[in-house]
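Below: the structure, in C-alpha coordinates.
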Amino acid sequence: MYPVQLKQVMKTYHLDAIDVPALVDINLQIRANCFTVISGPSGSGKTTLLNLIGCIDRADSGEVIVADQAVHTMSDNALSDFRAQHLGFIFQNFNLLPVLSTYENVEYPLILAKVSANERKRRVLDLLDAVGLADRAENRPGQLSGGQRQRVAIARALATAPKLVLADEPTANLDSQTGEAIIALMRKMQRERQVSFVFSSHDPQVQAEADDTVFIRDGRIINIERQAEKLGAVV
Ligand SMILES: Nc1ncnc2c1ncn2[C@@H]1O[C@H](COP(=O)(O)OP(=O)(O)O)[C@@H](O)[C@H]1O
Ligand SMILES: [Mg+2]
(Lines give C-alpha, C1' and ligand atoms only; values in the text may rest on other atoms or scores of the structure.)
(Ligands and ions follow the chains in the order given, each with its own letter.)
Protein backbone atom coordinates (compact mmCIF):
# COMPACT_ATOMS: atom_id res chain seq x y z
CA MET A 1 0.00 0.00 0.00
CA TYR A 2 1.42 3.32 -1.09
CA PRO A 3 0.18 6.48 0.62
CA VAL A 4 0.79 8.40 -2.62
CA GLN A 5 0.68 7.29 -6.25
CA LEU A 6 1.00 9.63 -9.20
CA LYS A 7 0.40 8.38 -12.73
CA GLN A 8 1.29 10.41 -15.81
CA VAL A 9 0.70 13.68 -14.04
CA MET A 10 1.04 16.90 -16.01
CA LYS A 11 0.80 20.49 -14.78
CA THR A 12 1.39 23.64 -16.82
CA TYR A 13 1.04 27.20 -15.57
CA HIS A 14 -0.14 29.87 -17.97
CA LEU A 15 1.56 33.23 -17.54
CA ASP A 16 -0.02 35.74 -19.92
CA ALA A 17 0.58 34.11 -23.31
CA ILE A 18 3.39 31.85 -22.07
CA ASP A 19 3.00 28.25 -21.00
CA VAL A 20 5.27 27.21 -18.14
CA PRO A 21 5.41 23.40 -17.89
CA ALA A 22 5.90 22.80 -14.16
CA LEU A 23 5.46 19.00 -14.08
CA VAL A 24 5.85 16.66 -17.06
CA ASP A 25 4.75 13.01 -17.06
CA ILE A 26 5.30 12.36 -13.36
CA ASN A 27 5.04 8.72 -12.28
CA LEU A 28 5.79 8.21 -8.61
CA GLN A 29 5.00 5.87 -5.73
CA ILE A 30 5.75 7.01 -2.21
CA ARG A 31 6.28 4.27 0.35
CA ALA A 32 4.46 4.09 3.66
CA ASN A 33 6.25 4.98 6.90
CA CYS A 34 9.19 6.45 5.05
CA PHE A 35 11.02 9.73 4.98
CA THR A 36 10.91 10.78 1.31
CA VAL A 37 12.75 13.84 0.00
CA ILE A 38 11.92 15.62 -3.24
CA SER A 39 15.23 17.12 -4.28
CA GLY A 40 15.84 19.66 -6.99
CA PRO A 41 17.02 23.20 -7.68
CA SER A 42 14.78 26.24 -7.37
CA GLY A 43 12.12 26.23 -10.08
CA SER A 44 12.32 22.48 -10.71
CA GLY A 45 8.71 21.83 -9.62
CA LYS A 46 9.03 20.73 -5.98
CA THR A 47 6.32 23.00 -4.59
CA THR A 48 4.00 22.22 -7.48
CA LEU A 49 4.43 18.49 -6.83
CA LEU A 50 3.78 18.84 -3.09
CA ASN A 51 0.74 21.02 -3.78
CA LEU A 52 -0.73 18.30 -5.98
CA ILE A 53 -0.07 15.59 -3.39
CA GLY A 54 -1.45 17.90 -0.68
CA CYS A 55 -4.63 18.57 -2.69
CA ILE A 56 -3.89 22.30 -2.62
CA ASP A 57 -3.76 22.38 -6.40
CA ARG A 58 -4.97 20.14 -9.22
CA ALA A 59 -3.13 18.39 -12.02
CA ASP A 60 -4.10 19.17 -15.63
CA SER A 61 -4.13 15.45 -16.37
CA GLY A 62 -3.09 12.12 -14.89
CA GLU A 63 -4.04 10.38 -11.67
CA VAL A 64 -3.29 11.48 -8.13
CA ILE A 65 -4.07 8.82 -5.53
CA VAL A 66 -3.55 9.78 -1.89
CA ALA A 67 -4.41 7.44 0.99
CA ASP A 68 -6.27 5.20 -1.47
CA GLN A 69 -8.48 8.04 -2.71
CA ALA A 70 -8.43 9.21 -6.32
CA VAL A 71 -8.24 12.85 -5.32
CA HIS A 72 -8.20 14.12 -8.93
CA THR A 73 -11.86 13.06 -9.15
CA MET A 74 -13.01 14.77 -5.92
CA SER A 75 -14.95 18.05 -5.62
CA ASP A 76 -13.35 21.09 -3.95
CA ASN A 77 -15.47 20.60 -0.81
CA ALA A 78 -14.65 16.93 -0.55
CA LEU A 79 -10.98 17.79 -1.05
CA SER A 80 -10.84 20.27 1.80
CA ASP A 81 -12.43 17.72 4.15
CA PHE A 82 -10.00 15.10 2.92
CA ARG A 83 -7.06 17.43 3.53
CA ALA A 84 -8.18 18.23 7.07
CA GLN A 85 -8.69 14.56 7.94
CA HIS A 86 -5.74 12.86 6.31
CA LEU A 87 -2.89 15.32 5.73
CA GLY A 88 -0.53 17.45 7.81
CA PHE A 89 1.45 20.39 6.44
CA ILE A 90 4.72 22.03 7.46
CA PHE A 91 5.83 25.18 5.64
CA GLN A 92 9.08 27.04 5.07
CA ASN A 93 7.74 30.16 6.82
CA PHE A 94 5.96 28.18 9.57
CA ASN A 95 2.49 29.67 8.81
CA LEU A 96 1.44 29.85 12.46
CA LEU A 97 -1.48 32.04 13.48
CA PRO A 98 0.23 35.01 15.17
CA VAL A 99 -2.58 35.81 17.63
CA LEU A 100 -2.77 32.27 18.96
CA SER A 101 -0.48 30.76 21.60
CA THR A 102 1.63 27.68 20.97
CA TYR A 103 -1.07 25.57 22.64
CA GLU A 104 -3.85 27.15 20.58
CA ASN A 105 -1.97 26.78 17.29
CA VAL A 106 -1.60 23.04 17.87
CA GLU A 107 -5.21 22.74 19.06
CA TYR A 108 -6.65 24.60 16.07
CA PRO A 109 -6.84 21.68 13.57
CA LEU A 110 -8.48 19.59 16.31
CA ILE A 111 -11.20 22.20 16.79
CA LEU A 112 -11.79 22.17 13.01
CA ALA A 113 -11.98 18.36 13.16
CA LYS A 114 -14.57 18.63 15.99
CA VAL A 115 -12.48 16.65 18.46
CA SER A 116 -13.83 16.82 22.03
CA ALA A 117 -12.25 19.24 24.53
CA ASN A 118 -10.77 16.49 26.71
CA GLU A 119 -9.25 14.67 23.78
CA ARG A 120 -7.89 17.95 22.38
CA LYS A 121 -6.14 18.69 25.63
CA ARG A 122 -4.66 15.20 25.84
CA ARG A 123 -3.31 15.37 22.30
CA VAL A 124 -1.95 18.91 22.49
CA LEU A 125 -0.10 18.27 25.76
CA ASP A 126 1.32 15.01 24.41
CA LEU A 127 2.56 16.72 21.24
CA LEU A 128 4.01 19.76 23.01
CA ASP A 129 5.91 17.39 25.24
CA ALA A 130 7.12 15.34 22.24
CA VAL A 131 8.47 18.43 20.42
CA GLY A 132 10.05 19.88 23.59
CA LEU A 133 7.75 22.90 23.96
CA ALA A 134 5.77 22.03 27.10
CA ASP A 135 7.16 25.18 28.76
CA ARG A 136 6.24 27.43 25.83
CA ALA A 137 2.53 26.58 25.68
CA GLU A 138 1.38 30.12 26.48
CA ASN A 139 3.81 31.97 24.18
CA ARG A 140 2.73 33.41 20.87
CA PRO A 141 4.81 32.77 17.72
CA GLY A 142 6.35 36.26 17.95
CA GLN A 143 7.92 35.26 21.27
CA LEU A 144 9.54 32.14 19.83
CA SER A 145 12.72 31.49 17.82
CA GLY A 146 12.51 30.13 14.26
CA GLY A 147 13.38 26.64 15.44
CA GLN A 148 10.71 26.78 18.15
CA ARG A 149 8.14 28.00 15.64
CA GLN A 150 8.91 25.08 13.37
CA ARG A 151 8.48 22.75 16.37
CA VAL A 152 5.01 24.22 16.90
CA ALA A 153 4.29 23.64 13.21
CA ILE A 154 5.43 20.01 13.49
CA ALA A 155 3.16 19.45 16.49
CA ARG A 156 0.28 21.12 14.64
CA ALA A 157 0.85 18.98 11.53
CA LEU A 158 0.60 15.81 13.64
CA ALA A 159 -2.36 16.89 15.81
CA THR A 160 -5.03 15.07 13.82
CA ALA A 161 -2.77 11.96 13.59
CA PRO A 162 -2.52 12.08 9.79
CA LYS A 163 -0.84 9.22 7.94
CA LEU A 164 0.92 11.64 5.59
CA VAL A 165 2.77 14.86 6.39
CA LEU A 166 4.01 17.19 3.65
CA ALA A 167 6.79 19.69 4.29
CA ASP A 168 7.88 22.26 1.71
CA GLU A 169 11.51 23.24 2.41
CA PRO A 170 10.98 23.08 6.19
CA THR A 171 14.57 24.07 7.03
CA ALA A 172 15.05 26.80 4.43
CA ASN A 173 14.53 29.64 6.93
CA LEU A 174 16.63 28.11 9.71
CA ASP A 175 20.36 28.16 10.39
CA SER A 176 22.06 24.82 9.70
CA GLN A 177 22.28 23.73 13.35
CA THR A 178 18.63 24.47 14.01
CA GLY A 179 17.71 22.85 10.69
CA GLU A 180 19.54 19.71 11.74
CA ALA A 181 17.63 19.58 15.03
CA ILE A 182 14.33 20.06 13.21
CA ILE A 183 15.14 17.22 10.78
CA ALA A 184 16.06 14.97 13.71
CA LEU A 185 12.78 15.83 15.41
CA MET A 186 10.76 15.09 12.27
CA ARG A 187 12.63 11.82 11.89
CA LYS A 188 11.83 10.88 15.49
CA MET A 189 8.16 11.78 15.12
CA GLN A 190 7.95 9.90 11.82
CA ARG A 191 9.31 6.73 13.41
CA GLU A 192 7.37 6.95 16.65
CA ARG A 193 4.04 7.76 15.07
CA GLN A 194 4.26 5.63 11.93
CA VAL A 195 3.70 8.55 9.59
CA SER A 196 4.93 9.01 6.03
CA PHE A 197 6.81 12.28 5.58
CA VAL A 198 7.39 13.87 2.19
CA PHE A 199 9.74 16.86 2.06
CA SER A 200 11.02 19.13 -0.60
CA SER A 201 14.53 20.32 -0.06
CA HIS A 202 17.88 21.02 -1.63
CA ASP A 203 19.50 20.76 1.78
CA PRO A 204 22.07 17.89 1.91
CA GLN A 205 21.29 17.40 5.64
CA VAL A 206 17.72 16.51 4.76
CA GLN A 207 18.80 14.18 1.95
CA ALA A 208 21.22 12.36 4.24
CA GLU A 209 18.30 11.40 6.49
CA ALA A 210 16.02 10.24 3.68
CA ASP A 211 14.82 6.69 3.07
CA ASP A 212 13.96 7.63 -0.49
CA THR A 213 15.11 10.58 -2.58
CA VAL A 214 13.25 11.70 -5.70
CA PHE A 215 15.41 13.89 -7.94
CA ILE A 216 13.48 16.37 -10.04
CA ARG A 217 14.78 18.72 -12.77
CA ASP A 218 12.73 20.99 -15.02
CA GLY A 219 9.50 19.31 -13.93
CA ARG A 220 10.65 15.76 -14.63
CA ILE A 221 11.75 12.99 -12.28
CA ILE A 222 15.29 12.12 -13.34
CA ASN A 223 16.12 9.54 -10.66
CA ILE A 224 14.71 7.87 -7.55
CA GLU A 225 17.08 6.46 -4.93
CA ARG A 226 15.59 4.10 -2.37
CA GLN A 227 17.62 3.04 0.66
CA ALA A 228 18.30 -0.67 0.37
CA GLU A 229 17.81 -1.56 4.03
CA LYS A 230 14.25 -0.36 3.90
CA LEU A 231 13.39 -1.97 0.57
CA GLY A 232 11.10 -4.89 1.14
CA ALA A 233 10.79 -4.05 4.83
CA VAL A 234 7.98 -1.62 4.23
CA VAL A 235 5.35 -1.83 1.55
N1 LIG B 1 1.52 30.30 -9.87
C2 LIG B 1 2.42 30.16 -10.86
N3 LIG B 1 2.24 30.79 -12.05
C4 LIG B 1 3.12 30.63 -13.04
N5 LIG B 1 4.22 29.87 -12.98
C6 LIG B 1 4.47 29.23 -11.81
C7 LIG B 1 3.58 29.35 -10.70
N8 LIG B 1 4.08 28.60 -9.68
C9 LIG B 1 5.22 28.05 -10.15
N10 LIG B 1 5.47 28.43 -11.42
C11 LIG B 1 6.59 27.99 -12.27
O12 LIG B 1 6.59 26.57 -12.29
C13 LIG B 1 7.92 26.06 -12.18
C14 LIG B 1 8.05 25.18 -10.94
O15 LIG B 1 7.88 26.00 -9.79
P16 LIG B 1 7.91 25.43 -8.29
O17 LIG B 1 7.02 24.24 -8.23
O18 LIG B 1 7.58 26.56 -7.39
O19 LIG B 1 9.43 24.98 -8.14
P20 LIG B 1 10.33 24.80 -6.83
O21 LIG B 1 9.42 24.64 -5.65
O22 LIG B 1 11.16 23.59 -7.12
O23 LIG B 1 11.18 26.02 -6.72
C24 LIG B 1 8.85 27.27 -12.20
O25 LIG B 1 9.23 27.52 -13.52
C26 LIG B 1 7.95 28.37 -11.68
O27 LIG B 1 8.38 29.61 -12.17
MG1 LIG C 1 9.31 25.66 -3.85
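The values are calculated or read from the model by the stated rules, or taken from the named source; none is laboratory data. Predicted, not measured: the structure shown is a model, and the values here were computed from it. Cβ: placed from backbone, ideal geometry, glycine included. Neighbour counts: every protein chain shown.
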Which strands (runs of 3 or more DSSP E) does region 1-85 wholly contain that include 3 or more residues that are away from ligand 1 (no atom under 16 Å from the Cβ), within 25 Å of residue 160 (Cβ to Cβ) and among the hydrophobic types (A, V, I, L, M, F, W, C)?
none
Of all residues in region 11-32, count the ones that are in contact with a Phe, Trp or Tyr (Cβ under 9 Å, 6 or more places away or on another chain), more than 14 Å from residue 43 (Cβ to Cβ), surrounded by fewer than 15 Cβ atoms within 10 Å (Cβ to Cβ) and aliphatic (A, V, I, L, M).
0
Considering 28, 50, which residue is under 22 Å from residue 204 (Cα atoms), over 13 Å from the mean Cα position of the chain (by Cα) and of a type in the set (A, V, I, L, M, F, W, C)?
28
With 203, 218, 175 as the choices, which residue is acidic (Asp, Glu), in contact with a Ser or Thr (Cβ under 9 Å, 6 or more places away or on another chain), surrounded by fewer than 23 Cβ atoms within 10 Å (Cβ to Cβ) and on the phi < 0 side of the Ramachandran plot?
203
Every pair of residues 6+ apart whose Cβ atoms lie under 6 Å, when the first sits in region 44-56 and is under 12 Å from residue 4 (Cα atoms) and in contact (Cβ under 8 Å) with a residue 24 or more places away in the chain while the second is among the charged types (D, E, K, R) and more than 8 Å from ligand 1 (Cβ to nearest atom):
55/83
Name the residues in region 49-88 that are closer than 25 Å to residue 189 by Cα and either in contact with a Gly (Cβ under 8 Å, 6 or more places away or on another chain) or within 16 Å of ligand 2 (Cβ to nearest atom) (or both), would you?
49, 50, 51, 52, 53, 54, 56, 83, 87
Looking for whichever is at pLDDT below 95 and not aromatic (Phe, Trp, Tyr) here; the options are 22, 84, 59. Which one fits?
84
Cβ-Cβ below 7 Å, separation at least six or inter-chain, first residue in region 164-193 and in contact (Cβ under 8 Å) with a residue 60 or more places away in the chain, second hydroxyl-bearing (Ser, Thr, Tyr) and away from ligand 2 (no atom under 16 Å from the Cβ): which pairs?
164/196
Looking only at residues in region 194-204 that are within 16 Å of ligand 2 (Cβ to nearest atom) and in contact (Cβ under 8 Å) with a residue 40 or more places away in the chain, which one is nearest to residue 86 (Cα to Cα)?
198
State yes or no: is residue 168 within 17 Å of the chain's Cα centre (by Cα), among the charged types (D, E, K, R) and at negative phi?
yes
Of the residues 37, 66, only one is surrounded by 15 or more Cβ atoms within 10 Å (Cβ to Cβ), closer than 24 Å to residue 204 by Cα, under 16 Å from the mean Cα position of the chain (by Cα) and hydrophobic (A, V, I, L, M, F, W, C); which?
37
Restricting attention to region 163-176, the residues that are touching a Leu at 6+ places or on another chain (Cβ under 6 Å) and either assigned to a helix (DSSP H, G or I) or of a type in the set (A, V, I, L, M, F, W, C) (or both) number exactly 2
Within region 155-201, residues being within 24 Å of residue 126 (Cβ to Cβ), hydrophobic (A, V, I, L, M, F, W, C) and within 16 Å of ligand 1 (Cβ to nearest atom) number 4
